[in-house]
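The values are calculated or read from the model by the stated rules, or taken from the named source; none is laboratory data. Model, not experiment: these values are computed from the prediction. Here the Cβ is made from the backbone with ideal geometry for all residues, glycine too, and neighbour counts use every protein chain on show. Keep in mind that these areas ignore ligands, DNA and RNA; they rest on the heavy atoms of the full protein, side chains included. Shrake-Rupley method; radii C 1.70, N 1.55, O 1.52, S 1.80 Å.
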Amino acid sequence: MSDIRVFAAGSLRIVWPELMRLFKRQSRHTVTTDFGPAGLLLQRIEQGESCHLFASANSAHPQRLLAAGRALATRIFAHNSLCLSINPTLAAEKREWLDMLLDPTLRVATSTPRSDPAGDYAWQLFELIEASHPTKGEELKRRAMQLVGGPESPAVPAGKVAASWLLESGQADLFIGYQSYSPQLKAEGKVVTLPIPAPWQIQADYTFALCSGEAEALGEFLLTKEAKALFHRAGFGH
């Protein structure tokens, strides 16, 4: 069977190997995957690099490829949400998530907007905060440190999650990232994650762009009940 080349959002890195092992058992296809911030992967495709399937952490990037004639189809295959990661010392204070986020003495870190959808979602959260707490959302946009996911950002060390790396190394006090990392962070026991309540929550619709018919079987697999169960077990939403 032919090899399928995939560009995939970095937040899929934890669940992807298990998904691909199951896919290979069912189809005998092999898959080679490049992970990275979805915005930067989109740029690579638009600059001429080829892949058979692009698994993005949003819908906008695949739709852009579809509109430009670079994709055959797009489909939502998983969902994610945001959470706030803090260190155990701060968690022991039992403060509300929004109170901590608005505290100007605490350093807030995010991914990089436009390069990484996680950063775009953080900025959408700030806009919701601005609507109910005038000036506070705009202050957060100015205060937030865009430490990962950008073209010049240092790479997160292998095997580490951005939240734990940034907090443990003292680069930030809080990090706004994906809820799907919570199981791994909980297992490590060095970072506490707080869910962001529904009125403030931003849903991330993970969407693939089918860029070649060679990846049609993979696209179909990502929509199966078996794949959805693996995503759910890994911390992704329904």
Restricting to the stretch 44-59, count the residues that are in contact with an Asp or Glu (Cβ under 9 Å, 6 or more places away or on another chain) and either part of a helix (DSSP H, G or I) or more than 15 Å from residue 209 (Cα to Cα) (or both).
1
Quickly run through the stretch 1-42 and pick out the residues that are surrounded by 15 or more Cβ atoms within 10 Å (Cβ to Cβ), among the polar types (S, T, N, Q) and in a helix (DSSP H, G or I).
11, 27
Report yes if some residue within the stretch 36-49 is charged (D, E, K, R) and within 16 Å of residue 117 (Cα to Cα); otherwise report no.
yes
Based on this model, can you work out whether residue 50 counts as touching a strand residue (DSSP E or B) at 6+ places or on another chain (Cβ under 9 Å), at negative phi, surrounded by 14 or more Cβ atoms within 10 Å (Cβ to Cβ) and touching a residue at least 40 places away in the same chain (Cβ under 8 Å)?
no
Could you figure out which of (1) loosely packed, with under 14 Cβ neighbours inside 10 Å; (2) within 18 Å of the chain's Cα centre (by Cα) isn't true of residue 204?
(1)
Give the stretch 160-184 a look and list any residue that's assigned to a loop (DSSP other than H, G, I, E, B) and open to solvent by 50 Å² or more (accessible area, probe 1.4 Å), or say none.
160, 169, 171
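Yes or no, residue by residue, for (1) touching a residue at least 40 places away in the same chain (Cβ under 8 Å); (2) closer than 21 Å to residue 84 by Cβ; (3) open to solvent by less than 20 Å² (accessible area, probe 1.4 Å):
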{"residue": "186", "(1), (2), (3)": "no, yes, no"}
{"residue": "194", "(1), (2), (3)": "yes, yes, no"}
{"residue": "198", "(1), (2), (3)": "no, yes, no"}
{"residue": "211", "(1), (2), (3)": "yes, no, no"}
{"residue": "217", "(1), (2), (3)": "yes, no, no"}
